[in-house]
Amino acid sequence: GQWLPQPARLAKEVRVSLLGLGQLGAQVAQNLAKMGYRVAGWSRQSRQIECVACVHGDDGLRSLLPETDVLFCVLPETPETRHLLDDDRLALLPGDAAIINAGRGSLIDQDALLAHLDRGLLRFVLLDVFAEEPLGENHRLWQHPRVLITPHVAAETLPAQAVDQIAANLRALAKGLAVAGLVDRRRGY
């Protein structure tokens, strides 16, 4: 019920960090860089992406988080990513940082996140995914003033497009060619 205008910033003044530099994360990072944002990204393994400062491993993550205004998460769910953003790592973010999680809900320790939000240590979070879905109707995240929730539709599958992709992969397999979107079962994505 309060009108609280926020000061606008130029894109070049906003540090956007991505967690996850796979196909989706790399595309998002490049698009943001083209719009003039200062973009950095983290992945488990070393990556090189034009106009994106890429870091990897635990040391890379610990150096990236304090230099972040908006943290955009598109990581898959694996044993290594579960609670990657725990209390200690959330504490590395600047107090006015925002988090957008469109990856997997298990990435963020929701109890630690709520504690940081309650103490005013984050500007806001936008959550498209949760540790348990659907999010329980009485969960505190629904009512928290610093939380925006979307219904896990960040990347909706369109049936016609999916059928075309499946058909193209079947044709490639029949010709002995590589197929798109292979999952490495050892990595979990």
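Of note:
- Carbon and sulfur %, accessible surface of the chain computed with the full protein complex present, 1.4 Å: 53
- Within region 78-124: Cβ-based charge dipole about Cα centre, in debye rounded to nearest 20 (Lys, Arg +1; Asp, Glu -1): 180
- Most mobile of GLN165, GLN23, GLN110 in a GNM of the chain (Cα contacts under 10 Å): GLN165
- Calculated accessible area for the chain comes out at 63 Å² per residue, all protein chains present (probe 1.4 Å; ligands, DNA, RNA ignored).
- Gaussian network model of the chain, springs between alpha carbon atoms under 10 Å - residue of GLN161, GLN27, GLN48 with greatest fluctuation: GLN161
- R0 of 22 Å, Cβ-Cβ distance GLU77-GLU156: FRET efficiency to nearest 0.05: 0.75
- Spatial offset of region 29-83 relative to region 161-178 amounts to 31 Å, using the alpha carbon center of each.
- Relative contact order %, the chain, counting alpha carbon pairs below 8 Å whose residues are six or more apart: 15
- Candidates ILE166, ILE49, ILE100: whichever shows maximal mean-square fluctuation once the chain is modelled as a Gaussian network with Cα springs under 10 Å: ILE166
- Only one item in (i) 42, 21, 19; (ii) 36, 19, 15; (iii) 30, 21, 17 matches semi-axes √(5λ) of the Cα gyration tensor in Å derived from the coordinates shown, and that item is (iii).
- Seen from ALA11, the other residues with C-beta closer than 15 Å to its C-beta sum to a net charge of +3, counting Lys and Arg as +1 and Asp and Glu as -1.
- When you restrict to C-alpha pairs under 8 Å that are six or more residues apart and normalise by the size of region 25-65, the relative contact order lands at 33 percent.
The values are calculated or read from the model by the stated rules, or taken from the named source; none is laboratory data. Small disclaimer: the values here were computed from a predicted structure and weren't measured. Neighbour counts run over all protein chains shown; Cβ positions are idealised from the backbone, glycine included. Each accessible area value is taken on the protein alone, full model and side chains, heavy atoms only, with ligands, DNA and RNA left out. Shrake-Rupley method; radii C 1.70, N 1.55, O 1.52, S 1.80 Å.
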